[in-house]
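Notes for the one structure printed next.
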Amino acid sequence: MKIKTSKKYAFNFDLKKRKKRQINFLIFHYTGMISEKAAIKRLTGIQPEVSSHYLIKNNGEIVILVPELYIAWHAGISQWHKKKQLNKCSIGIEISNPGHQNGYKNFSKKQINSLIKLSRYLIKKYKIKKNFVLGHSDISPDRKLDPGEKFPWNLLFKNKIGIWHNLNERKLSLLRGKKVSNFENKHFMKNLKKIGYTSKSKICKSKQKFQKLLIKAFQRRFRQKKINGKIDQECLLISKKLVRTT
């Protein structure tokens, strides 16, 4: 790899190697720990049983935790389209950030610059489709919030990473908060399934509660200025655009 990296190998990963062709997804996370030191200790320790392939530190340094052809334990219970348990077919990148429970903050420019370089390298190497570049909350909406609404998906899209709606911001702001009909509500939920989001939860027993979490996951990814778990005309228009472009 031409990208400058360091190594600090994790304890937890599957010992059996996978084939290069089995890697189809790129998943972004934030560490969600108060300090970077604590995050590194967690990702490389025996307990809890978690790991990822890469960590991007606050200063932009890229750390290899698990070699790419081994399965890291970063996705957990997860689904996108018909693919489940995405650890086996993905590469996980953790980005140092305290997360929502510890004073969630903007990602640094150095972190994002490193992420762009690393992501473009991995996308090219493994021929990862643009709609298979995802956040943890996309694949586990009932469990996870990361990388969250401060994550610059639009900027990544401009660098040929992932998908984005690319709609006029002024037009969207005029639709924000405007109610949808019952028919439009159902149409939006169908669009989420077409985009790739799961329609069922193994964790959340309440269908209504899960639907709200699912909408919030969509908003954190594609409508980051208002995360309220409510479908409005802005969300509906964005979902329609995404269905047409994915």
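The values are calculated or read from the model by the stated rules, or taken from the named source; none is laboratory data. Bear in mind that the values here come from a model prediction, so they are computed numbers and not experimental data. Cβ coordinates were reconstructed from backbone atoms using ideal geometry, including for glycine residues, and neighbour counts include every protein chain displayed.
Checking the conditions here, which among E49, E61 is over 21 Å from L118 (Cα atoms), more than 18 Å from the chain's Cα centre (by Cα) and touching a residue at least 24 places away in the same chain (Cβ under 8 Å)? Answer to the selection: E49. Scanning region 1-38 for residues that are surrounded by 14 or more Cβ atoms within 10 Å (Cβ to Cβ) and basic (K, R) turns up just one, R18.
Of the residues that make up region 166-186, is at least one modelled with pLDDT under 95 and either of a type in the set (V, I, T) or under 22 Å from the mean Cα position of the chain (by Cα) (or both)? There is at least one residue in region 166-186 that is modelled with pLDDT under 95 and either of a type in the set (V, I, T) or under 22 Å from the mean Cα position of the chain (by Cα) (or both). For region 190-211, how many residues are buried (at least 16 other Cβ atoms within 10 Å of the Cβ) and modelled with pLDDT of 95 or more? The total comes to 8. Residues in region 55-106 that are buried (at least 20 other Cβ atoms within 10 Å of the Cβ) and among the aromatic types (F, W, Y): how many? Number of matching residues: 1. Checked against (1) surrounded by fewer than 15 Cβ atoms within 10 Å (Cβ to Cβ); (2) of a type in the set (S, T, N, Q); (3) at negative phi, S52 passes all but condition (1). Scanning region 195-213 for residues that are closer than 8 Å to D142 by Cβ and part of a helix (DSSP H, G or I) gives F210, L213.
Could we say that I56 is touching a Ser or Thr at 6+ places or on another chain (Cβ under 8 Å) and under 30 Å from K193 (Cβ atoms) here? When the stated conditions are applied, I56 does not pass them.
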